[in-house]
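A.B. asks: The structure under discussion is supplied below as structure tokens; questions concerning it will follow.
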Amino acid sequence: AHAAHGGAPATPPAAVRSVERAPADRFERAFLNLLIAHQDDAVQLARMETAHGEDAWTRSLAATIDRSRSAEIATMLALLDPPK
């Protein structure tokens with residue numbers, strides 16, 4: 001159901017399996033890194049639509065997705081490298 005990403009690659013099943021098998025002390029870091037990459041794919045796809053899309057409503061939705069997913073990525077990056 002999630003296979004067609006408009007030409008953008010889906011998260012490979014092997015990458016998901018590697019997170020599932022991560023030791024407990026490395027699970028959260030592996031999960032966040034995988035999710036950051038996944039959300040970045042959504043940002044890139046949204047930016048393609050914003051730049052080249054023809055439908056105004058869809059471009060607006062893409063801009064919203066860009067902002068929200070970019071904010072999520074910033075939050076996850078902060079979790080990976082908290083201030084000291």
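The values are calculated or read from the model by the stated rules, or taken from the named source; none is laboratory data. Small disclaimer: the values here were computed from a predicted structure and weren't measured. For neighbour counting, all protein chains shown are included, and Cβ atoms are generated from backbone atoms with ideal geometry for every residue, glycine included. Ligands, DNA and RNA are excluded from the accessible area calculation, which covers all protein heavy atoms including side chains. Shrake-Rupley method; radii C 1.70, N 1.55, O 1.52, S 1.80 Å.
A.B. asks: Relative to the first principal axis of the alpha-carbon coordinates of the chain, what is the inclination of helix 56-80, with its axis defined by its Cα atoms, in degrees from 0 to 90 and to the nearest 10?
C.D. replies: Relative to the chain, helix 56-80 is tipped by roughly 20 degrees.
A.B. asks: How big is the charge dipole of the chain about its Cα centre, in debye rounded to the nearest 20, if each Lys and Arg gets +1 on its Cβ and each Asp and Glu gets -1 on its Cβ?
C.D. replies: 240 debye
A.B. asks: Determine ³J(HN,Hα), in whole Hz, for all residues of segment 27-36 in sequence, where each value follows from phi through the Karplus function 6.51 cos²θ - 1.76 cosθ + 1.60 and θ = phi - 60°; x replaces Gly and Pro.
C.D. replies: Values, residue by residue: 4, 4, 5, 5, 4, 4, 5, 5, 5, 4 Hz.
A.B. asks: Could I ask something else about it? Hey, with R₀ at 35 Å, roughly what FRET efficiency would THR64 and ALA24 work out to, going by the Cβ-Cβ distance, to 0.05?
C.D. replies: 0.45
A.B. asks: A further question on this structure: How large is the helix-only mean residue ellipticity at 222 nm for the chain, computed as the sum of -39500 (n - 2.57) over DSSP H runs with n ≥ 4, divided by its residue count, in deg cm²/dmol to the nearest 500?
C.D. replies: The helix contribution divided over the chain gives -25500 deg cm²/dmol.
A.B. asks: Mind checking which of ASP40, ASP66, ASP25 has the largest fluctuation in a GNM of the chain, springs on alpha carbons under 10 Å?
C.D. replies: Highest fluctuation among the options: ASP25.
A.B. asks: Mind sorting out which of (1) 59; (2) 64; (3) 68 is the real percent of Cα pairs over 14 Å apart computed from the coordinates?
C.D. replies: Working out percent of Cα pairs over 14 Å apart from the coordinates points to (3).
A.B. asks: At 1.4 Å probe size, put ARG59, ARG21, ARG47 in order of accessible surface, largest to smallest.
C.D. replies: So the residues, ranked largest to smallest area, are ARG21, ARG47, ARG59.
A.B. asks: What part of the accessible area of the chain, given as a whole %, is carbon or sulfur when the probe is 1.4 angstrom?
C.D. replies: The value for the chain is 61 percent carbon and sulfur by accessible area.
A.B. asks: Can you work out ³J(HN,Hα) from phi for every residue in segment 45-53, in order, using Karplus 6.51 cos²θ - 1.76 cosθ + 1.60 and θ = phi - 60°, giving whole Hz and x for Gly and Pro?
C.D. replies: Once θ is set to phi - 60°, the couplings for segment 45-53 become 5, 4, 5, 4, 5, 4, 7, 10, x Hz.
A.B. asks: Further, regarding this structure: Given a 1.4 Å probe and heavy atoms of the protein chains only, how would you sort GLU28, GLU54, GLU72, largest accessible area at the top?
C.D. replies: Sorted by accessible area, descending: GLU54, GLU28, GLU72.
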